[in-house]
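See structure below.
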Amino acid sequence: MKPRFISDIHLSDKHPELTQAFFTFLNESKEACTHLYILGDLFEAWIGDDDTTPLAQEVKNALRTFTDNGPATFFIHGNRDFLIGEAFAKETGITILPDPYTLNINDQKIVISHGDFLCTDDVDYITFRNQVRSDEWQSDFLNKPIAEREEIAASMRDASQEATAEKSNAITDVNPAAVHDFLHKHTPDLFIHGHTHRPNIHNIELENIAVKRIVLGDWGKTGWYLALNSKNIDLQEFNI
Ligand SMILES: [Mn+2]
C-alpha cells in the first residue's frame, strides 16, 4: 500500500489558489498513491450536502474523477466540515470513517483522527464540539433553510476566530496528557492527525512502546501531505 494523508485544506471561494492546488494534488496523486485519507477540514465550511455552490460542485466533480478507477479515498470529519454526509460520500465515491479510526498498513498499526478531540485545554471548544456533534443539533440545523444555515455558520466562524485569537498557543494545541492516555489505550505505531496546523513528527516513548505522532500541515502559502511507502515516512511541504 502507498497511502497519502492530507488535512486542513480549508477550501473556500475566497482562496481559488487552494482549490487549484488541491486539484493538482489529486491529479498527481491518482497514480502516485493507492489510498487517500483526508483527515478533516477539507472545506472551510460545510452547511449540508444540499448546498449547491459552484465550489462544492467543482470539488465533488474533482473527487469523483479521482476516485473513478483511482485510489480508495476516505474522509474523517473536521471541526469545519463535520456536516459532510452520506449524499456527498455517494456522489464523490469517498468513504466516511469514524474519528478516531484504526488501520493496518504495511504491518503497522496506524490510528488516524482529525485531532480536535485532544485539544482538551480549550474547554469552550470542547463544549461547542459536543453540542454540534449531537444528532439533535445536526438534524435541527439541517432542517433550516440554506440562507439561514449560511448566516449561522458565518457567525460561528467569526466567533471561533475571535476566540482563537485570544487564546494562548498552548490552549489550542493538543493536551499532552490527553495524547498519552489516548496512545496508551490504542498503542499504535503511528498516530496521524491534523487540526492544530503545527506540522511535525513527534517521537513519543511510552513505557513499552514507541509511537510517532505525525501532525499534518494546513494549506496556505504551502501545502502538506504525508506519504507512507513500506517503512518510509515522508511529510512533504510544497509551494502553492
Ligand atoms: Mn480543524
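The values are calculated or read from the model by the stated rules, or taken from the named source; none is laboratory data. From a predicted model like this one, the values you see are computed outputs, not experimental measurements. Glycine gets a Cβ as well: all are built from the backbone with ideal geometry, and neighbour counts include every protein chain shown.
Looking at this structure, is His184 out of contact with any Lys or Arg (no Cβ under 9 Å at 6 or more places or on another chain), under 23 Å from His10 (Cβ atoms) and not in a strand (DSSP E or B)? No, not satisfied. Scanning segment 100-126 for residues that are in contact with a helix residue (DSSP H, G or I) (Cβ under 7 Å, 6 or more places away or on another chain), among the charged types (D, E, K, R) and buried (at least 18 other Cβ atoms within 10 Å of the Cβ) yields a count of 1. The listed residues are Thr67, Thr102, and the only one of them that is β-branched (Val, Ile, Thr) and closer than 28 Å to Arg149 by Cβ turns out to be Thr67.
So that you can scan it fast, the table gives a plain yes or no per residue for (1) in contact with a helix residue (DSSP H, G or I) (Cβ under 7 Å, 6 or more places away or on another chain); (2) closer than 21 Å to Ser230 by Cα; (3) touching a residue at least 60 places away in the same chain (Cβ under 8 Å):
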site: Glu162; (1), (2), (3): no, no, no
site: Ala165; (1), (2), (3): no, no, no
site: Ala170; (1), (2), (3): no, no, no
site: Ala177; (1), (2), (3): no, no, no
site: His180; (1), (2), (3): no, no, no
site: His186; (1), (2), (3): no, no, yes
site: Asp189; (1), (2), (3): no, yes, yes
site: His195; (1), (2), (3): yes, no, yes
site: Asn200; (1), (2), (3): no, yes, no
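The residue pairs whose first member lies in segment 1-24 and is within 13 Å of Asp81 (Cβ to Cβ) and touching a residue at least 60 places away in the same chain (Cβ under 8 Å), whose second member is of a type in the set (A, V, I, L, M) and in a helix (DSSP H, G or I), and whose beta carbons are closer than 9 Å, counting only pairs six or more residues apart or on different chains, are Ile9/Leu18; Ile9/Ala21; His10/Leu18.
Scoring Val59 on the criteria (1) in contact with a Phe, Trp or Tyr (Cβ under 9 Å, 6 or more places away or on another chain); (2) closer than 30 Å to Cys119 by Cβ; (3) surrounded by fewer than 18 Cβ atoms within 10 Å (Cβ to Cβ); (4) not aromatic (Phe, Trp, Tyr) leaves a single failure, condition (3). Of all residues in segment 121-138, those satisfying the criterion of being assigned to a helix (DSSP H, G or I) and of a type outside the set (Val, Ile, Thr) are Asp124, Tyr125, Phe128, Arg129, Asn130, Gln131, Asp135, Glu136, Trp137, Gln138. Kindly check whether there is at least one residue in segment 141-153 that is surrounded by fewer than 12 Cβ atoms within 10 Å (Cβ to Cβ), within 18 Å of Phe22 (Cβ to Cβ) and at pLDDT 95 or above. Scanning segment 141-153, I find no residue that is surrounded by fewer than 12 Cβ atoms within 10 Å (Cβ to Cβ), within 18 Å of Phe22 (Cβ to Cβ) and at pLDDT 95 or above, so the answer is no. Restricting attention to segment 167-181, the residues that are more than 27 Å from His15 (Cα to Cα) and either part of a strand (DSSP E or B) or acidic (Asp, Glu) (or both) total 1. Only one entry in Ser155, Ser168, Ser139, Ser160 is under 20 Å from Ser113 (Cβ atoms), out of contact with any Ser or Thr (no Cβ under 9 Å at 6 or more places or on another chain) and of a type in the set (Ser, Thr, Tyr), namely Ser160.
Of the residues making up segment 211-240, those that are more than 16 Å from the chain's Cα centre (by Cα) and either closer than 14 Å to Val111 by Cα or charged (D, E, K, R) (or both) number 7. Of the listed requirements (1) surrounded by fewer than 19 Cβ atoms within 10 Å (Cβ to Cβ); (2) basic (Lys, Arg); (3) over 27 Å from Thr187 (Cα atoms), Arg129 misses just one: (3).
For Ala165, are the conditions met, namely being of a type in the set (Gly, Ala, Ser) and at pLDDT 90 or above? Criteria not met by Ala165.
State all residues of segment 73-88 that are buried (at least 17 other Cβ atoms within 10 Å of the Cβ) and more than 21 Å from His195 (Cβ to Cβ); if no residue qualifies, say none.
none
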